[in-house]
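Following: one structure in structure tokens, then a few remarks.
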Amino acid sequence: MMETALYDLNQDDVAQSIARCGQIIRDGGTVVFPTETVYGLGANAFDPAAIAKIFEAKGRPADNPLIVHIADWDQISELVAEVPEKARQLAEAYWPGPMTMILRRSAAVPDAVTAGLGTVGIRFPSNPYARQLIVASGVPIAAPSANISGRPSPTRGRHVLEDMLEKVDAILVADESDVGLESTVIDMTSIPPTVLRPGGITVADIERVIGPVAVSPNTTRPVIPEEVRSPGMKYRHYAPHGRMVIARGSDGEKAAKINAAIDGLKAQDKPAVLATDETLGHYRRGMILSLGSQTDPAAMGHNLFDCLRAFDDLGATHIFAEDVPVGNDTLALINRLYKAAGYTFI
């Protein structure tokens, strides 16, 4: 274990805190920092030894590539071999913001970042603290989500303290993440471009800018591609401690399945239900939380990881979640929900 320096950006001097963490990155250390999607665990993207510390802290498999974060468009030239015109169009429309583009890597990017692939994921975050940290570091920052590998991603400062305290050199704590789900990932090296991981920028948003795109079947089904170009495509992700299943059907059918399953549990079991504002009244037993209203898919996505961590805090042994209709605005939520449950349905 190591001593972790803590900086609260709501109370401490922001400029001084970020300057210290920028020095830690330059010196080959690791820093947890807020972004608009989820909290990230960062290190110097050009330093393989520093990158190794990310994998060690998370318990992350080495063949799971990382995303490189930049704070200025000009930084991209040292990271990629080329920028296709459609990538420039997307960058103009959605950067800075919660979108990662997969591009052909330059020779300057270490294999440790890309898992040996010829491509690299690049993101330009909109969170001002994230951008200030990149500037203070003087280098692009490679960063996955700041959680133990496989666990729900962290959207609050207390989540990263639970997972990363004494495993990283410093933690920058700020407010709750705005989006609450990881960035949209789109592979710009394929024809047509392919959405590998849905996020806050939807497929429809992307198609309004560059025309039709493909969507990886991995987004809603347990399909492992031969070449894993994006985080979240291969390994178990977002999983709470309790056994999680998803109930399918109409609202009434889902409630009936969940109530019957809970009735069949043992006395010592601690059931939990992940419902919506519209369906909370359907349940009689267990820890019952709402993702939000069915009319607001963005808010439901924002609340997902926080709800899953709350169930962990409450000691839930069995978690029953209601399925969500597939749509442009719900694809990111469904992707995380299904992976969290290991694609287990009733």
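The values are calculated or read from the model by the stated rules, or taken from the named source; none is laboratory data. Given the structure is predicted, the values throughout are model-derived calculations rather than measurements. All Cβ positions, even for glycine, are placed from backbone atoms using ideal geometry, and neighbour counts span all protein chains on display. Just so you know, the surface numbers come from the protein's heavy atoms only, side chains and all, with ligands and any DNA or RNA stripped out. Shrake-Rupley method; radii C 1.70, N 1.55, O 1.52, S 1.80 Å.
A few points about this structure:
- The set of residues in segment 151-160 being touching a residue at least 60 places away in the same chain (Cβ under 8 Å) and either open to solvent by 10 Å² or more (accessible area, probe 1.4 Å) or within 23 Å of residue 71 (Cα to Cα) (or both) consists of 151, 153, 154, 155, 156, 157, 160.
- Within segment 193-219, the set of residues being under 16 Å from residue 119 (Cβ atoms) and assigned to a loop (DSSP other than H, G, I, E, B) comprises 193, 216.
- Condition check for residue 215: out of contact with any Lys or Arg (no Cβ under 8 Å at 6 or more places or on another chain) and either open to solvent by 20 Å² or more (accessible area, probe 1.4 Å) or of a type outside the set (Asp, Glu) (or both): yes
- Number of residues in segment 161-172 that are open to solvent by less than 20 Å² (accessible area, probe 1.4 Å) and under 17 Å from the mean Cα position of the chain (by Cα) equals 2.
- Against the conditions (1) under 23 Å from residue 146 (Cα atoms); (2) over 17 Å from the mean Cα position of the chain (by Cα), residue 89 satisfies every one except (1).
- Any hit, segment 259-267, residues being within 22 Å of residue 154 (Cβ to Cβ), part of a helix (DSSP H, G or I), hydrophobic (A, V, I, L, M, F, W, C) and modelled with pLDDT of 95 or more: no
- Being open to solvent by 20 Å² or more (accessible area, probe 1.4 Å) and either in the same structural domain as residue 333 (by the TED database) or in contact with a strand residue (DSSP E or B) (Cβ under 8 Å, 6 or more places away or on another chain) (or both) is true of residue 256.
- Positions within segment 309-330 being in a helix (DSSP H, G or I) and touching a Gly at 6+ places or on another chain (Cβ under 9 Å), in sequence order: 311, 312
- Near pairs, Cβ below 7 angstrom, 6+ apart or cross-chain, from segment 20-35 (over 16 Å from residue 71 (Cβ atoms)) to any residue that is of a type in the set (Lys, Arg): 30/53
- Residue among 56, 82 that alone is touching a Lys or Arg at 6+ places or on another chain (Cβ under 7 Å) and more than 24 Å from residue 181 (Cβ to Cβ): 82
- Restricting the search to helices (runs of 4 or more DSSP H) fully inside segment 1-118 and requiring at least 3 residues that are open to solvent by 10 Å² or more (accessible area, probe 1.4 Å) gives 14-26, 48-58, 85-94.
- Residues that are surrounded by fewer than 20 Cβ atoms within 10 Å (Cβ to Cβ) and at pLDDT below 95 within segment 330-344 comprise 342, 343, 344, listed in sequence order.
- Considering residues of segment 132-149 that are touching a Phe, Trp or Tyr at 6+ places or on another chain (Cβ under 8 Å) and open to solvent by 10 Å² or more (accessible area, probe 1.4 Å) only, the residue farthest from residue 166 (Cα to Cα): 139
- Leading residue by the ranking (nearest to residue 32 (Cα to Cα)) among those in segment 173-196 that are open to solvent by less than 20 Å² (accessible area, probe 1.4 Å) and not hydrophobic (A, V, I, L, M, F, W, C): 177
- Qualifying positions in segment 268-290 - touching a strand residue (DSSP E or B) at 6+ places or on another chain (Cβ under 8 Å), part of a loop (DSSP other than H, G, I, E, B) and among the polar types (S, T, N, Q): 276, 279
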